[in-house]
1. Per residue, what accessible area does the chain have, given a 1.4 Å probe and all protein chains present, in Å²?
2. Report in % the part of the accessible area of region 28-76 that belongs to carbon and sulfur, leaving out ligands and nucleic acids; probe 1.4 Å.
3. What FRET efficiency, computed as 1/(1 + (r/R0)^6) with R0 = 41 Å and r the Cβ-Cβ distance, is obtained for Asp15 and Val58, rounded to the nearest 0.05?
4. Run through region 50-92 and list the GluC sites (Glu not before Pro) located in a DSSP loop whose Cβ has at most 16 other Cβ atoms within 10 Å.
5. Please give the residues of region 33-66, grouped as numeric ranges, whose backbone N is less than 17 Å from a label point set 7 Å along the Cα-to-Cβ vector of Ser24.
6. Would you work out if region 31-84 is rounded, prolate or oblate? Take a ≥ b ≥ c from the square roots of the eigenvalues of the alpha-carbon gyration tensor; rounded if a/c is under 1.5, else prolate when a/b is larger than b/c, oblate otherwise.
Amino acid sequence: MNKLEEAISWAEFFDMGLTLVGSSHQEVMDYAEAFVGITNDEPPRAVYSQEKYINVLVERDGMTLEEAEEFFGFNVLGANIGEQQPLFIKTLD
């Protein structure tokens, strides 16, 4: 079980909503390698590595690094999906 699957199980066990990146199960799992953990906030928020998220866009979608960074900035960081919006951190990987 990877970290993302553990977080999903944890949220289900405690009956807590956890907003993840992706609109389908497959898309959610595509970003598993970018998943870092969850916050201690109430409600908890998913935390992802910005660099690894962008890398998924490059590898999975065939975007250039510049295209992926632009997509990320506009469509991900620019989105406002509420108080449980996932956080993105620079992991410097």
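1. On the way: 5900 Å² over 93 residues.
The answer is 63 Å² per residue.
2. Working: 1240 of 2610 Å².
Solvent-exposed carbon and sulfur of region 28-76 make up 48 percent of the total.
3. Details: r = 36 Å, r/R0 = 0.88.
So the FRET efficiency works out to roughly 0.70.
4. Details: sites: Glu51, Glu59, Glu66, Glu67, Glu69, Glu70, Glu83; in loops: Glu83.
Passing both the DSSP loop test and the Cβ count: Glu83.
5. Zone members listed by number: 57, 60-62.
6. Details: a/c = 3.39, a/b = 1.69, b/c = 2.00.
Because a/c hits 1.5 or more and a/b fails to exceed b/c, region 31-84 counts as oblate.
The values are calculated or read from the model by the stated rules, or taken from the named source; none is laboratory data. Given the structure is predicted, the values throughout are model-derived calculations rather than measurements. For neighbour counting, all protein chains shown are included, and Cβ atoms are generated from backbone atoms with ideal geometry for every residue, glycine included. Side chains are part of the model used for accessible areas, which takes the heavy atoms of the whole protein and leaves out ligands, DNA and RNA. Shrake-Rupley method; radii C 1.70, N 1.55, O 1.52, S 1.80 Å.
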